[in-house]
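A short write-up of the structure that comes next.
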Amino acid sequence: MRLHLIFGAPGSGKGSLAKLVNEKFALTHLSTGDILRDSVSKETEVGLRVKASMANGTLVDDDTVNGIVFARLQDETRGVLFDGYPRTLKQAIALDDFLSKTGSEFGLVVYIDVPMSVLESRIVGRRVCGNNACGAIYHVVRKKPVVDGICDFCNGLLIQRSDDTSQAFHARMAEFNATYEPMLAHYRGKPNYRQVDGIGLPDEVFNAISMLYEEYV
Ligand code: AP5
C-alpha cells in the first residue's frame, strides 16, 4: 500500500483538492476531520468524547486519532490519500512506525501554501453537504450551488460546520501554528516532498497537483 499526504492550514483547500485527486487517480481518500465529524454526528463513544474540542477548534488527542487511522488502514489495499493526518510530530512518528511494520510506503507528500490573510474568508464562507456520504464543499461567494442551500450532487442540505466560525478559526490557526512546523520539518527535504502555491483558482491548483501525482501514483 502506498500512502500520499496532503497538508495545509485550515481552509488551504486540502479537502476540495483531495476529492478531485481521489476521483482522478482512484485513491482512497481518508480525511481524519470527516471521520471524526461522522463519529460526532452518529454520537459514537469517540464522537461524544471529541465533540466539544472539535467545535472549539482544538486538536483531538494523538492516541484517539492514531487508533482511528490504523483501524481504517487495516483493510486498505489500494493507494490512500490522507487529508489532515498526520497533524503532529507524534502522529507522524506513529505513521512511520505503522508503515515499517506493514511494509507500506510513502508516495507524494504535498504542502499547500496559502497565506493566513485569505484563509478566514474561505472558512467562514464555506458550506458543506450535510449528507456525510457526499460531503461536497461549497463557498457562499466563490463556489455556489446551482440551487441555493442544496447540494448539486445529491440534493442534500448544505450546512455550516460548527468550527467554521471566526472564533473557532482563530483557535484552529493557533493549533496549526503550534503543531505543524515540527511535523512538516519531519518531511521537508525528503525527495517526495513538494510545496504547492494554493492561492490560484481551484482548477489551477488542482492542475499543479495533478502533475505531481502523475509521477507518484
Ligand atoms: P479538518 O476537517 O481536517 O479541518 P482543517 O484542517 O481545519 O481543514 P478544513 O477542512 O477546514 O479546510 P481544507 O483545507 O480542507 O479546505 P477546503 O477544501 O474545505 O479538521 C477539523 C477538526 O478535526 C480539527 O480542528 C481537529 O479538531 C480535528 N482533527 C482532524 N484531524 C486531526 C488530526 N490528525 N489530529 C487531531 N485532530 C484532528 O476549502 C475551504 C473553503 O475554501 C471552501 O469553501 C472551498 O470552496 C474554498 N477553496 C478551496 N480552494 C480554493 C481556492 N483555490 N480558491 C478559492 N477558494 C478555495
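Values as computed for the structure displayed
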read-out	value
GNM result for the chain, Cα springs below 10 Å: residue of V140, V114, V69 fluctuating most strongly	V140
Selected from S100, S162, S39 as most flexible by GNM, with the chain as the system and alpha-carbon contacts under 10 Å	S100
Formal net charge of residues neighbouring L158 (Cβ-Cβ distance under 13 Å; K, R +1; D, E -1)	+2
Exposure rule at most 16 other beta-carbon atoms within 10 Å, DSSP loop GluC sites (Glu not before Pro): the chain longest free segment	77-217
The stretch 76-119: trypsin sites (Lys or Arg not before Pro) in DSSP loop, at most 11 other beta carbons within 10 Å	R78
Cut-off under 5 Å, modelled amide H: who pairs with A136 long-range	C129
Neighbour net charge for S121 - beta-carbon separation under 14 angstrom, K R +1, D E -1	+3
Cα-Cα over 22 Å, subset of K42/K143; K19/K143; K24/K143; K51/K143	K42/K143; K51/K143
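Each reported figure results from applying straightforward, stated rules to the coordinates on display, with no laboratory input. The model shown is predicted, which means the values in this text are computed figures rather than measured ones. Please note: Cβ atoms are built from the backbone with ideal geometry, for glycine as well, and neighbour counts cover all protein chains shown.
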